[in-house]
1. Sort B:Ser87, A:Ser191, A:Ser139, A:Ser255 so the one with the fewest other Cβ atoms within 10 Å of its own Cβ comes first.
2. Using a 10 Å Cβ count of at most 14 others and DSSP loop calls, identify the longest part of chain A lacking such GluC sites (Glu not before Pro).
3. Once label points are set 7 Å from the Cα along Cα→Cβ at both A:Met605 and A:Leu207, what is their separation, rounded to one decimal in nm?
4. Taking 25 °C and 0.890 mPa s as the conditions, I'd like the Stokes-Einstein D for region A:116-190 in µm²/s, using the Kirkwood hydrodynamic radius from alpha carbon pairs.
5. Any idea what % of Cα-Cα pairs in the protein assembly as shown are farther than 39 Å?
6. Evaluate E = 1/(1 + (r/R0)^6) for A:Ile200 and A:Asn481, where r is the Cβ-Cβ distance and R0 equals 35 Å; express this FRET efficiency to the nearest 0.05.
7. Hey, what angle do you get for helix A:336-364 against the long axis of chain A, alpha-carbon based, 0 to 90 degrees rounded to 10?
8. What are the ³J(HN,Hα) couplings of region A:432-440, residue after residue, when phi is run through the Karplus curve with 6.51, -1.76, 1.60 and θ = phi - 60°? Round to Hz, x for glycine and proline.
Amino acid sequence: MHITDILVTGEPIIYGAMVSMALGGLAILFVLTYFKKWGWLWREWLTSVDHKKIGVMYILSALLMLFRGGVDAMMMRVQLAFPDLGFLNSQHYNEIFTTHGTIMIIFMAMPFLIGLMNIIVPLQIGARDFAFPYLNALSFWSFFFGMALFNISFVIGGSPDAGWTSYTPLSGAAMSPGPGQNFYLMGLQLSGIGTLATGINLMVTILKMRAPGMKLFHMPIFTWSTLVTCFIIVFAFPILTVALALLTIDRIFGSQFFTLTGEGLPMMWANLFWMWGHPEVYIVILPAFGIFSEVISTFAKKRLFGYNVMVWSMIVIALLSFLVWVHHFFTMGAGAFVNSVFSVSTMLIAVPTGVKIFNWLATLYKSKIEFTVPMLWSLAFIPSFILGGVTGVMLGMAAADYQFHNSYFLIAHFHYVLIAGTVFACFAGLVFWYPKMFGHKMNERLGRWAFWLFFFGFHVCFFPQYFLGLDGMPRRLFITNVAEWLPLNVISTVGAAGMALGFVVFVYNVYYSFRYSERETTGDSWNGNGRTLEWATTTPVPYYNFATVPYVDEIDPYVRMKEEGKTTFEEDKVKPIHMPSYTGQPFIFMALLGLASFGLIFEWMYLAVFGLIGGVVMMIRRSFDYDDGYYVSVEEIKETEKKARGL
Amino acid sequence: MNHVIGFILSLVMTLVAAWAAIQSDLPVTWVIIGIMILALLQAGVQLFMFMHVTEASSGNGHVPWNMMFHGFALAGIVVAGSLFVMSFGHDHGDHGDMGDMQQQEEQHSEDHNGH
């Protein structure tokens, strides 16, 4: 076989990407070798089971994917604003909207939030790590290799091009031959292992490892949102796993679950996909709600209004999320009764969501708001998200949906909920907890620039798309040189450029803050406004998190702790702390499964079998692993704490 | 020990099911019934040998009733929901989708027998 058989050739943009990827890769190799950092990389990061480090790796990967998905988006916007330029051909356009959607949902939004959960949830409940630290590392590496697999598709073998929903029969072997769709299937399957494992892991951590005295209804709201999200993950992801497996068997081994021939049921794919897909959008929005709740109550300097109702509305949203999936394909042709049932259940979701919105407003009411950068993101979220929510109710009406379906109205709607909800929350959460992760805050002035650029860019980009949709512009359309669509498309592209600029300022801010920001001296970084246990730890957080775990029997325990002068270091109560050992197994295990997936993608069965056997060997190896971790001595804890607290 | 037996049992049952579908000459109905029974046994092995159903000592604290209930509820939604949706709500004739799926299965095993 010749190398050009699997490399994508003939596209100048892709050649450019190949060269820049090769140069970037070489640069990283060079820097690591030159500064002799290989050992450091392996010992401190690749083998780490520390939830804080794994969280940082999740967030770095997610930012990288935000860049990749963003570049895809910009290329689409350029094509749509200048349709006569011939910037992209139709095949390339199809590939780009597919990878944009898949990457933004699976490899950006979820890992970003899971990264924040990784770092913050154990700190919020007074735990020293996850319930299963080894499994947590395994989750990260399965996501990482799934992501890597999906991302190499555009230089090796060709990207998937059937949309992020990958509807059959289009995505079946008959109509999409070649490895492209296999990259989608295996990339999602591999990273799905990690998501499911994280769901179980966090669920057990939250249910079993809370600080003494902390009841479920004492938990911080972000931890609550994580718990509810974990339930959705555990129940929704198996559906995706099965659907992906069936389609993989269809494509690689010639079965006919979703084909047009052999009495397959192509619409069954849409049905199964959205049975997972709708809960999935709540997987990425509920943690966002949790982050906004934390930020708003911190900077309104009040307890969150209606804490219990906030929790119950999340639980109700989670339940309803499993009962609305058909609203994604009202136009499939089901009868009025089927559509009506799902139309009603869809509109019901607006009720608990509305409750949450009013609770946030009530928290802000008559409070002394401090306009920090995370608070700006959170305040901007409320009106922007409502625009998305209200248009969602419009789309939820089955009869009206026949008009809106697959038009830019839909595109505008889901970008309004996903960007104003999830992406704003990712930025808010990252800036908010940044000092906990890295020991310094992000620069406020640059942060405000990033925020305003992104915020205005977002509205300028997506608001016109509602009207493009009403003017009849369909999604996923490559040729758009229709005179009446052009002006709005140009405006939209200008907005997209604003968002890109905001992202660039944000990334520059990471560098700028690393160089110039003042280092944190206390753990309570936001002018002493912290309310929950993560602010009670020192900055940087010691690897064992809490020297002594405080007794908690209320919401926002750190407020009272500060009044009473208590800390997480009570010298006479320090005991040796049991910690897990670092291990390279998860990395190797998932690298082997990544190899197996790569083999399956190209249907190189020997490689696939080799990788799978390797995976089984790693599982056997793990079964006979008797490493129970180690104990941190009392002296070391005291020394670390005294140094960090300046005692 | 329990775990080792359970592990071997579940492997054996999986292999038997695969054999029944791919290699055996049994009639399709029997293959389906056989796989169903094996699936139930498989679930039993998981629950009794791995998942603490028999551990009453901690006041049933480890018994996953809660998750089992949720699991059944979800399975109900997936199966009933799919049947409801894929019936399209206006095709109550004799050739509903269950029939289609069965035919598909039949054709499948015939294909395999052919090899």
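1. Values: B:Ser87 17, A:Ser191 25, A:Ser139 30, A:Ser255 20.
Lowest to highest Cβ neighbour count: B:Ser87, A:Ser255, A:Ser191, A:Ser139.
2. Looking at chain A, A:1-369 is the longest stretch - no exposed GluC sites (Glu not before Pro) with at most 14 other Cβ atoms within 10 Å.
3. So the label points at A:Met605 and A:Leu207 sit 4.1 nm apart.
4. In µm²/s, the coefficient rounds to 170.
5. 37
6. 0.10
7. Tilt relative to chain A: about 30 degrees.
8. Rounded to whole hertz, the list is 4, 9, 3, x, 5, 7, 10, x, 8.
Values in this text are rule-based calculations from the coordinates and carry no lab data. Given the structure is predicted, the values throughout are model-derived calculations rather than measurements. Don't worry about glycine lacking a Cβ; one is built from the backbone with ideal geometry, like all the others, and counts go over all protein chains shown.
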